Structures are given as structure tokens and as C-alpha cells.
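For reference, the structure discussed in these notes is given below.
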């Protein structure tokens, strides 16, 4: 409770400072709208459905791309952990491509797929896939050999060993890889939406982009806030509980 | 669902089964180390009778743990053969379960699920029967209250008790123990000596127990085999003729321990020491 009050106080103060900066005319009102104006924009956008529509479109792209990245990344990670040949080839490629900022995929995606959903999907998948591959490989390689030995003596082998020992043992690594993959997917999708106008639907990134074109700062800031809130919510609703569970089970933190 | 014809109940599963006879014939094993090839075991032969408790004692690096891994089937000998009940050992199998120096409990499972791990691989048991068997062994090691606990919440001694329950649960014929109590404090250890002897008598297992603690060996073993290092060989055999359960602090036990200890020191003296730089 005390923590909640402190946090509320902090964000309240931030809002106050913003309002004060607006009233003191530190910047031109065109560049810095008042918190109230942003709230009004968000209310209107929510009322006429623009916001919900854009959020759904963005989340759908994100989710599909993220899932494809996970479904492709996990087996590839297991493969690179299991066979050194795969590690030297796919693993090295994953390591290299992971260092490539995901915006860099946008020009290529545009030329290959045109202004289409496929281009969006491609950019998100490229943002997710490689970090999941690397995290999975690291996780599997870090499984203490004693777990395998203990499981082997109890008669575990083959698929059972992978499903019941290797995968759960590497879970902490895999989850942090999934989290990183999520962050990368989110970033790459926003980059793609800002750069690519496609007719199959306007996402949050596109709203951001048109906010700039129209010099509608309250729209730009409003959408940025929405993007931040979505990121926070996903973290709190999905990743935090999983991480807390892992920490409790493994005893890696008292949090 | 129809029951497979080899279906068994928890009650049947908990019946003591005949312990194994182990025959180890001319087993050799060498390792490549940075300093050259090390002969860890040199034509070691050994028979362990059904239900016998044998302790392997020796300085570190004398090959006793390697021999245990070979009996377990976790490692392959360069030459020689291990037979369990007349059948050649070619890989790990749950008739021969291993307890390691580390508890090696799975952190992603709670205590009960850890004990269930080996049982889940026995497909002739129903879920309820597996639970009954797992709970029976948790009670045997005195941890019933902790079945829902996470492994990291247990003390070192409790962890080893869980590891013991996990190793006992699939009802193996042989228990292979690799310095299982070495990392525990003396008080916990003393308690576990009593528990292990009780369990061994109740469950009738063949046990091969590796240790470098001569007193521990004299307390637990029917026979104590002394290993000499470089190359690893069985140097001497001591038959411990004392009634059970034995208390680690018995006077006559100390005499056995002294004899083994003296023999161990003699090996240390006659062995050529590598020159110090």
C-alpha cells in the first residue's frame, strides 16, 4: 500500500511538473500541449473507436509475429544447443542478426513484400526470432550436467529427457529470452508502422506518424503514452507473474 | 482404460524386491588429462553379494567414483565388464539408482514431484499409486510435512533425504552412493547414518557407497574396500563384523576405522609423490 501511494505521488508530481511547464510557456504550446489536451484527444479517440481499432490492429500484428518468432526460435535454439554443426551455422547467424537493430529490416521488408501485412510480420519475426534462439541455446547449454545424469539413472532419455529435464531446467533463460524477444518485437513493429503505411489497417505507429504529419502534438504524446502503458501492462500481466514464480521455485531472489 | 497385464498396485510396488548381485570383471578406465593419460582404474575386479553394503574408500582421484559411474552405466569402461544379476551393464537403468554428492534435486519441481520423477517413468502404476509410493518414501525419510516445499527452501541434510527418497522410490535393486553425505554437517550426518542403516535393513538393497571418510565406511559397510591411486586398484579389504544398527561413536568401530586409516596412510607413504615445483 505504502509503495502504491509513493508511486501515485511520483506520477502525480510528474503530471504537475508537466502542467507547470505548459503554463510557464517554457516551450511553444505547439510543441508541448497541456496534459488536459492530451487527455481530451485520448478521450475523443477512444470515443470514436480510432484508439481501440489501432490498438487491436497493432496487438494482432505483434502477437502473430511474436508467436511465429517463438515457435521458430525455440526449436532452432534447441537445435543449436544440441548439435555443434547447428551452433556454428545457425547459431552464428542468429548471433549476428540479433545485433542488427530491427529497424534495419524495414527497407528489405518493403522491397520484398511491398506495403503489406507480410512486411509487418516479417519485421516483427526478425526482431523476435534471433534473441529467442540465443536465449534457448544459452539456457540449454547451462543446464548442469548433474541433472541429466540424475535423470538418466532414473530411466529418462530421449524426448522425456528434453521435455521433463532440459526444457524446464533452462526455463529461466528461455523466459528472459522471451521477454527480450517481446521487447524487440514491440520496437520493430513500431518502427515498421511508422515507416510503412499500409492500407490493411492503421496501427498505433501509424497514428503516431500522422500525429506528426498533422503537427498534432497531443496525438503524438497521447499515442506514446498508450504504447508505454501497453508495454507496462504486458510486463505486469504476463512476464512478472512468470518471473516471480521462477524466482520462488528456484530460490533466486526473495522478491 | 484397461489395465495392462503387468499392472501393479502401490502395495505390490512397495514390496521389497530381491537385491542384485554385482560382478565387476577386470574393469579398466583411463582419462586424458592435460598432464597426459591417467589410468583411473587398472583391471579392477570385485563381487558384491545380494543385499551387501560395500564401501569404497580411498584418497581423491583413486578411481572409486569412476568405478561407481561405470557400475551405474553412466560411463563406459575401456575394457572389462560389469554384470548385474548376470546381465551385462551397457547403460544407465533404474534398477541401479545413483545418489550424488550434490542432491541434484530438480529446482523446477517441488519435493513431492522430485520423488515422483522416477516413479512417473514406471508406466504400470496408476497416478494414485505413484503418489502413495512417493509419500511412503517421504515418510521414511521424515519429510512428509515438506512435500509441497521448493527444494531451495530445504537445508542440506533435508535435500539429501529427498534425494534418498527419490532414489529409493522406483524400488531399485542397487543403490550407488557417491559421497552423499560429504557436504553435510557432522550432526546431520550422524543422524543419516542411522536412517540409512534402518532403510537398508527394511528395504533390502545392494549398496555400493563411495567415501573418503574411513569412519563412515566402517560404520556403514559390511565390507570396506581400500583403493590405491595411480593407477586405481583395490589394495585391501576389511570385513566389518559388528552388529547393526551401528552407532558411529562405538569404540569397536573406532578400532576398525583406525586399521583402515593406517592402511590408507601406508598407501600415501609408498606412493611416489610428484615432485613439487
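Every number in this text was worked out from the coordinates using simple rules, so none of it is lab data. Keep in mind the model is a prediction, meaning the values are calculated, not measured. Quick reminder, even Gly has a Cβ in these numbers, built from the backbone with ideal geometry, and neighbours come from all protein chains shown.
With the simple model of a label 7 Å out from the Cα in the direction of the Cβ, residue A:8 to residue B:127 spans 4.4 nm. Peptide A:6-18 is shielded by partner chain Cβ atoms: per residue, an average of 0 of them sit within 10 Å of its Cβ.
Rg and Dmax, both from the Cα atoms of the protein assembly as shown and both in Å, are 31.8, 97. The largest-to-smallest principal axis extents of the Cα set in the stretch B:187-277 are 50, 26, 25 Å. Set the Förster radius R0 to 60 Å, insert the Cβ-Cβ distance between residue B:182 and residue A:104 as r into 1/(1 + (r/R0)^6), and round the FRET efficiency to 0.05. In this case the efficiency is close to 0.65. Based on C-alpha pairs under 8 angstrom that are at least 6 apart in sequence, the stretch A:152-234 has a relative contact order of 15 percent. All Cα-Cα separations within the stretch B:107-171 were binned at 5 Å from zero, giving a P(r) of 4, 22, 34, 24, 12, 4, 1, each value a whole percent of the pairs. The alpha carbons of chain B give a radius of gyration and a Dmax of 19.4, 71 Å, in that order.
Distance from the C-alpha centroid of the stretch B:62-97 to that of the stretch A:1-59: 69 Å, rounded to the whole angstrom. Could you state the number of Å between the C-alpha centres of the stretch B:137-210 and the stretch A:188-205? Answer, in whole Å: 60. Our summary gives chain B a relative contact order of 26 percent, counting only alpha carbon pairs under 8 angstrom and 6 or more residues apart. How tilted is helix A:171-195 with respect to the longest principal axis of chain A? Cα atoms for both, answer in degrees (0 to 90, nearest 10). Once rounded, the angle reads 40 degrees.
Over the protein assembly as shown, DSSP H runs of length four or greater, each weighted -39,500 (n - 2.57), average out per residue to a 222 nm ellipticity of -17000 deg cm²/dmol.
Using C-alpha pairs below 8 Å separated by at least 6 residues, the relative contact order for the stretch B:137-251 is 21 percent.
Over all pairs of different C-alpha atoms, the stretch B:211-258 has a mean inverse distance whose reciprocal, the Kirkwood radius, equals 11.2 Å.
Placing one equal scatterer on every Cα of the stretch A:37-249 and applying the Debye formula, the log10 ratio I(q)/I(0) at q = 0.16 Å⁻¹ is -1.04. Here the protein assembly as shown carries DSSP beta bridges of which approximately 55% are antiparallel, counting only pairs with both residues inside.
Give me a single rounded figure for B:71-82: the average over its residues of other chain Cβ atoms within 10 Å of their Cβ. Other-chain Cβ atoms within 10 Å of each residue's Cβ, averaged: 1.
If you plug the beta carbon distance of residue B:50 and residue A:248 into 1/(1 + (r/R0)^6) with R0 = 56 Å, you get a FRET efficiency near 0.80.
If R0 is 25 Å, the Cβ-Cβ spacing of residue A:180 and residue A:233 corresponds to a FRET efficiency of close to 0.90. Of the two radii for the stretch A:80-196, the radius of gyration is 1.11 times the Kirkwood radius, both from the alpha carbons; that is the Rg over Rh value.
The mean number of partner chain beta-carbon atoms within 10 angstrom of a residue's beta-carbon across peptide A:144-150 is 6. Among B:32, B:223, a tally of other beta-carbon atoms within 10 Å of each Cβ gives an order, fewest to most, of B:32, B:223.
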